[in-house]
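Here the structure is laid out as structure tokens; the discussion comes afterwards.
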Amino acid sequence: MRSVENNPPQFTHIPLAAIGVGLGLAVAVYTTGKGPFFLDNFAYSWLPQAVVLCIALLCKASRESLGGMATAMGLYLFLFDLWVTDSMGWLFYLSSFPGILIGALLGVVFSPSRKVFKALVAFAWVVFGIVGNLAVLAITVI
């Protein structure tokens with residue numbers, strides 16, 4: 001039996017999924033600001049991300065893939081907050097999540113066998129879903 005004093009636990013490996021989800025949470029808190037509507041704004045900005053991650057998790061996504069997906073969605077939220085200043089911009093943000101979900105599911109289905117590339121491929125599929133959905137929205141709105 002080993003002693004804990006001689007072998008302290010090492011926390012040198014933080015899963016990429018935790019980093020991605022933490023990034024998404026931090027961006028959601030940053031973008032919602034302060035005020036009486038903090039929880040409402042936080043819910044509309046981060047809960048769709050959580051739903052996509054839960055659906056991907058139900059489809060047996062790996063931790064690396066979840067990390068790539070969460071990082072892409074957190075980055076999208078940050079860039080969206082910089083881009084859209086209209087008060088009704090949240091509708092446009094929410095309407096982009098079908099493309100994000102499709103990209104996330106494609107990231108689960110077409111996940112590479114090597115762990116090194118799983119996060120990158122999932123990130124790329126989610127970005128592809130975002131771009132595709134924005135293209136569809138631009139065509140239908142104009």
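The values are calculated or read from the model by the stated rules, or taken from the named source; none is laboratory data. Since the model is a prediction, treat every value here as computed from it, not as a measurement. A quick note on method: Cβ atoms are made from the backbone with ideal geometry, for glycine too, and the neighbour counts reach across all protein chains shown. Keep in mind that these areas ignore ligands, DNA and RNA; they rest on the heavy atoms of the full protein, side chains included. Shrake-Rupley method; radii C 1.70, N 1.55, O 1.52, S 1.80 Å.
Summary table below
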{"item": "One residue from L47, L82, L58 being surrounded by fewer than 18 Cβ atoms within 10 Å (Cβ to Cβ) and within 21 Å of L137 (Cα to Cα)", "result": "L82"}
{"item": "Odd one out for E64 among (1) touching a residue at least 24 places away in the same chain (Cβ under 8 Å); (2) acidic (D, E); (3) under 28 Å from T140 (Cα atoms)", "result": "(3)"}
{"item": "Tally, over the stretch 70-121, of residues that are within 21 Å of T32 (Cα to Cα) and part of a helix (DSSP H, G or I)", "result": "23"}
{"item": "Considering residues of the stretch 113-142 that are touching a Leu at 6+ places or on another chain (Cβ under 9 Å) and open to solvent by 30 Å² or more (accessible area, probe 1.4 Å) only, the residue farthest from L47 (Cα to Cα)", "result": "K118"}
